[in-house]
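Chemist: Please find one structure pasted underneath; my questions will follow.
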Amino acid sequence: MQFLAWVALLLFFVDTVAAGNGLTLSKQSRDTLAVPQWLYLATGGATIGASALLASFVTDRAFIQDLHSWSQTLPTVERGWDSLAWIGRSLGVAALVLSIFLGFTGPQLPTASLTILLTFAGVRAGLPIATYFVGNVWPALNPWQTIASILPSGFREYPHALQRWPAVGGLLVLVLVEVIFPVSAVPSILAMAILIYSTITIAGALLFGPESWFDNADPLSVLFRLYGAVAPIQRENGTLQVKLPGSDLRNADLVTDVSDVAFIIALIWELTYSGFITTSAGATTIETLVGITSLGIVNVETRAILVYTLLFVCGYAVFLGAYWYAGRLSRRRSGTYITARTIAFQFSPPLLAIAAGYHFAHYAGLFVSLSPALMMALTSPLSPPANPLILSPPSWFEGLGIASVLIGHLFAIWAAHAVAYDLFSSRLVAVRSQYPFIAVMIGYTVISLWIISLPGAIPPYLS
């Protein structure tokens with residue numbers, strides 16, 4: 001329902017949104033590589049391969065179990081916890097109302113608009129970073145869940161067959177909206193998108209019940225829950241546990257359906273796609289495809305939107321297909337009785353560490369740049385400064401992005417190694433089962449590092 005509603009909206013307004021692009025805030029300039037590109041990419045791929053090789057020498061199951069099971073309980077704060085939760089929910093609702101109101105009535109300058117700054121510097125960049133570094137606080141902030149929880153709900157049972165597919169569709173459509181609509185440039189359009197999203201989300205939560213909807217159908221809730229599995233701080237049985245980062249990625253209950261795998265791959269692909277189309281190579285690719293594809297459409301902007309959409313959908317299909325093929329190849333190489341579907345389920349959570357590394361590489365600079373402007377807008381939402389302070393990230397931030405991609409892959413490889421030893425009784429089979437997934441990870445690494453190395457550009461036809 002959510003996916004179809006967004007698609008209908010996208011198609012209805014397709015002729016009116018070709019005037020802007022929603023990625024202008026997220027693009028940072030890049031310096032030219034000091035080393036040959038082939039050497040840079042080969043080094044990144046070789047790093048992942050060598051790490052996987054080294055991990056394969058760790059065959060002591062007790063050591064792997066102890067490492068991933070280590071935890072330290074933090075002091076519990078029972079008194080005042082409910083009050084803090086309600087403060088967070090109240091702030092979330094206030095932020096939602098202000099974002100919609102100021103998007104329509106406030107300044108239309110992107111860097112002075114609380115609506116744009118809170119959405120992109122806050123929810124798009126800063127909050128996911130806090131989630132995979134500290135833990136998932138979204139349930140305590142989610143304004144739609146707060147609103148739905150105080151209204152009558154649960155009129156129908158959520159269809160079990162849908163699983164998390166509405167969240168997958170919602171995430172993919174949200175990314176397309178960010179690309180095609182000028183949501184990061186025109187506050188009023190972003191406010192309209194937030195209003196429509198709020199209507200769909202609250203209606204779904206009231207119809208099926210808040211718990212069912214936000215566990216399965218809401219893309220933001222599923223996104224933060226999965227990113228939270230990467231964090232070193234986890235809430236278990238009413239206590240806060242400090243663990244090694246990524247320890248929970250071996251949790252067999254994290255992925256229980258094909259839709260969960262599809263969502264995780266969508267996280268990786270949307271960051272890859274968003275990064276690619278804002279590079280010179282991406283701009284050239286779009287211009288070439290629009291030039292050679294007539295499709296019987298005279299309007300070049302409409303043609304460009306179709307090209308952006310087809311490139312997005314086809315690329316996602318390739319990423320998802322490559323992962324599922326790795327699952328079948330892993331079963332074939334290991335000769336196990338375990339199905340390829342089960343193998344794919346178990347090896348998909350480690351990919352969340354890769355997604356976290358990609359996200360940090362793409363959005364850490366944006367968060368640092370816009371943080372002062374966001375603070376100014378938050379302290380004075382009704383009359384923000386006309387010329388807010390925008391920081392320029394230092395040159396070493398580029399190296400930080402590269403490091404985050406590699407570190408994310410290293411965590412993913414180690415988590416996959418632990419998963420293999422949980423899944424297979426034979427040490428040799430456990431090692432051999434990882435090879436196809438390591439190949440996929442190396443491919444993801446090389447693609448991401450290549451995108452980071454490219455000069456930036458504004459996506460054509462949409463700006």
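The numbers here are math on the coordinates, done by the rules we state, and not lab data. What you see is a predicted model, and the numbers here were worked out from it, not measured in a lab. For neighbour counting, all protein chains shown are included, and Cβ atoms are generated from backbone atoms with ideal geometry for every residue, glycine included.
Chemist: Calculate the FRET efficiency for residue 309 and residue 188 from the Cβ-Cβ distance with a Förster distance of 22 Å, rounded to the nearest 0.05.
Modeler: Computed FRET efficiency for residue 309 and residue 188: 0.40.
Chemist: List every residue whose amide H lies under 5 Å from the amide H of residue 279, counting only residues 5 or more places away in sequence or on a different chain, with H placed 1.01 Å from N in the peptide plane.
Modeler: 457
Chemist: Distance from the Cα centre of segment 278-348 to that of segment 251-265, in angstrom?
Modeler: Each part reduced to its Cα centre gives a spacing of 19 Å.
Chemist: Restrict the search to segment 105-205; then list the trypsin sites (Lys or Arg not before Pro) that DSSP places in a loop and that have at most 15 other Cβ atoms within 10 Å of their Cβ.
Modeler: Passing sites in segment 105-205 are 156.
Chemist: OK, next. Quick check: residue separation of residue 332 and residue 83 times 0.36 nm, minus the Cα distance between them. What number comes out in nm?
Modeler: Length difference between fully extended and current span is 84.3 nm.
Chemist: What are the residues whose amide H is under 5 Å from the amide H of residue 164, where those residues sit 5 or more places off or on another chain and H is modelled from the backbone?
Modeler: Distant-sequence amide H within range of residue 164: 259, 260.
Chemist: Could you give the Stokes-Einstein D for segment 81-194 in µm² per second, using the C-alpha Kirkwood radius, 25 °C, 0.890 mPa s?
Modeler: It comes out at roughly 155 µm²/s.
Chemist: Still on this structure, please answer the following. Under the 0.36 nm per residue contour assumption, what length would be gained going from the current alpha-carbon distance of residue 391 and residue 239 to full extension?
Modeler: 50.9 nm
Chemist: Now a separate question. List 178, 398 from most exposed to least, where exposure is judged by having the fewest other Cβ atoms within 10 Å.
Modeler: 398, 178
Chemist: Another question, then. Ranked highest first by the average count of other Cβ atoms within 10 Å around their residues, in what order do 338-344, 113-119, 143-149, 267-273 fall?
Modeler: 113-119, 267-273, 143-149, 338-344
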